Every structure is written in C-alpha cells, then in structure tokens.
Amino acid sequence: MKINESKEVPKKGKMNNTLEEYIKAIKMKYETEKEGEYFDFLYNPSRGKLRDLCWIIFEDNPTQDDLNVFRNLFCLDFNHTQKNKFKDQKDKFRPIETFFKGETHPSNIDAINLAAILVDFQPRPFKKFNEKCRIEDAKQIKNLREVAVEIDNNGIEKNVLVNNGHEESKEVSKTENSLLDFASLFSKKMVQKIYPRKIITVAVGAVALISSACLYLVQKKD
C-alpha cells in the first residue's frame, strides 16, 4: 500500500508569512509549556518522550481536527488498542524534537500541527490559525478606513468652522468700528452741549456701553 507523504510547507506568498507566525507562536507556547504539567516530556524532549506524550494527549478525548492531523502524519487512525503499533512511529517525532530544541525548522505542515497539539496551542490546526488572521486583518482594514473617513469629515468641519469664524470676525470688527464711531461722535456732541463737570460721567458711561457691547459680541462668537 502506498503511504501518503506529509505536505510540504508553502514557500512563497502571504500565507507563508502567516505560517511563519504560526510556527513562532507554537515555539513560544512550547517555552512556557515545557515548565508546566508535561515537564518530564517537554523540558529535554526526545523522540521517545514526544511519542509517549502524544499518546497520552490523544487518549484524552481528542478533537476531530487533532485526529485528522494524527492520520495525516502517521498514515493511520488513532486507536486505543493499537499502542504497540504506534510505538514504531518514533522517527516521525524527530522533526518536532529538533524544532523544540531550536536546531531545525519544521519541513511539513503535519509535523507543525502535531507540535501545536503537543503544547496545546490554539487556534489549531494551521487552517484555523490562518482563518483567524484573515478575519483580524479584515477588521483592521475596516477600522483604518473608518478612521480615514472620520479624519476627512473632521477636516471638512474644520474648514467650515474656520470660514464661519472669518465671517463672524468680520461682523464683529464692523460692529466694533460702528460703536467706536458712534462713541466718538456722541462724545463730541455732548462736550459741546453739557457742562464740564458732567463730561467725566458721560465719558465713563460711553466706555461702559462700548465694553458691554464688545463682551456680548465675543460671547456670541464663542
């Protein structure tokens, strides 16, 4: 019977970048897990230890995705009664052993996915990790577009406010000039008609009137 070979990892393209992220994330998870529950199997990994750990994990209610990875890599279905037969698969763990030790890079996707199972990395397998990355990328692009639209809208509002501000400034300046002209004319007429002792009182009143008008215009502008 012809045995199916494990799939090689893609060499080029965006998916390859995502696969590199997947591999790095699994290695980081290994660095944490090797100090945890399976310390005896992971701290100084060997092919035999990883094989035994794999069996322990798959005995504990594996998911269908994990069972598919098992079948793809070992070319047989997981079966609780086939432990002795599984012991002959030790060499299949060599690339995972050298990967965990930092000596080599995984050469096929099935070995990478099994490495993810051994350290309980999620999301797995790579297909699910890739889908999650694509969803997150789409969300980021959407958020960037929304920010760009908001910036454009703010720019339009700012221009409107600036233009309105210029118009209001012109109106205030025109009104202030009219008030000053009125005050000047009023002062001259009153000086000619009233007694000197009342000039100060009238001047103070005119100044107060001008100040009140200017304050009102400034508040209206704000």
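ARG134: open to solvent by 90 Å² or more (accessible area, probe 1.4 Å), modelled with pLDDT of 95 or more and of a type in the set (Lys, Arg), yes or no?
It is false that ARG134 is open to solvent by 90 Å² or more (accessible area, probe 1.4 Å), modelled with pLDDT of 95 or more and of a type in the set (Lys, Arg).
One residue is enough: does segment 73-80 have a residue meeting the conditions within 23 Å of GLU33 (Cα to Cα) and surrounded by 12 or more Cβ atoms within 10 Å (Cβ to Cβ)? Outline the logic, then answer.
Filtering segment 73-80 down to residues within 23 Å of GLU33 (Cα to Cα) leaves 73.
Checking the rest, the ones that are also surrounded by 12 or more Cβ atoms within 10 Å (Cβ to Cβ) come to 73.
Within segment 73-80, one or more residues are within 23 Å of GLU33 (Cα to Cα) and surrounded by 12 or more Cβ atoms within 10 Å (Cβ to Cβ).
May I ask you to list pairs of residues, at least six apart or on different chains, whose Cβ atoms are under 7 Å apart, with the first in segment 118-138 being closer than 16 Å to LEU19 by Cβ and the second being of a type in the set (A, V, I, L, M) and open to solvent by less than 20 Å² (accessible area, probe 1.4 Å)?
From segment 118-138, the pairs are PHE121/ILE26; ARG124/ALA116; ARG124/ILE117; PRO125/VAL69; PRO125/ALA116; PHE126/LEU19; PHE126/ILE112.
Considering only segment 96-116, state which residues are part of a helix (DSSP H, G or I) and either closer than 17 Å to GLU31 by Cα or of a type in the set (Lys, Arg) (or both).
Of the residues in segment 96-116, the ones part of a helix (DSSP H, G or I) are 96-100, 109-116.
Residues satisfying the conditions are ILE96, GLU97, THR98, PHE99, PHE100, ILE112, ASN113, LEU114, ALA115, ALA116.
Starting from residues that are closer than 19 Å to GLU33 by Cα and over 31 Å from the mean Cα position of the chain (by Cα), keep the ones in segment 95-110 and report whichever is surrounded by the most Cβ atoms within 10 Å (Cβ to Cβ).
The qualifying residue surrounded by the most Cβ atoms within 10 Å (Cβ to Cβ) is ILE96.
As an exercise: evaluate MET15 against (1) among the hydrophobic types (A, V, I, L, M, F, W, C); (2) open to solvent by less than 60 Å² (accessible area, probe 1.4 Å); (3) at pLDDT below 95 and give the number of the one condition it does not meet.
Going through (1) among the hydrophobic types (A, V, I, L, M, F, W, C); (2) open to solvent by less than 60 Å² (accessible area, probe 1.4 Å); (3) at pLDDT below 95 one by one, MET15 breaks only (2).
Restricted to segment 43-72, and to residues that are in a helix (DSSP H, G or I) and among the β-branched types (Val, Ile, Thr), which residue is surrounded by the most Cβ atoms within 10 Å (Cβ to Cβ)? I'd like the intermediate steps shown before the answer.
Of the residues in segment 43-72, the ones in a helix (DSSP H, G or I) are 47-59, 64-72.
Pick out the ones that are also among the β-branched types (Val, Ile, Thr) and you get 56-57, 69.
Working: ILE56: 11, ILE57: 18, VAL69: 26.
The residue in question is VAL69.
The values are calculated or read from the model by the stated rules, or taken from the named source; none is laboratory data. Predicted model, so just to flag it, every value in this text is computed and none were measured. Reconstructed Cβ throughout: ideal geometry from the backbone, glycine too, with neighbour counts over all protein chains shown. Side chains included, ligands, DNA and RNA excluded: accessible areas come from the protein's heavy atoms. Shrake-Rupley method; radii C 1.70, N 1.55, O 1.52, S 1.80 Å.
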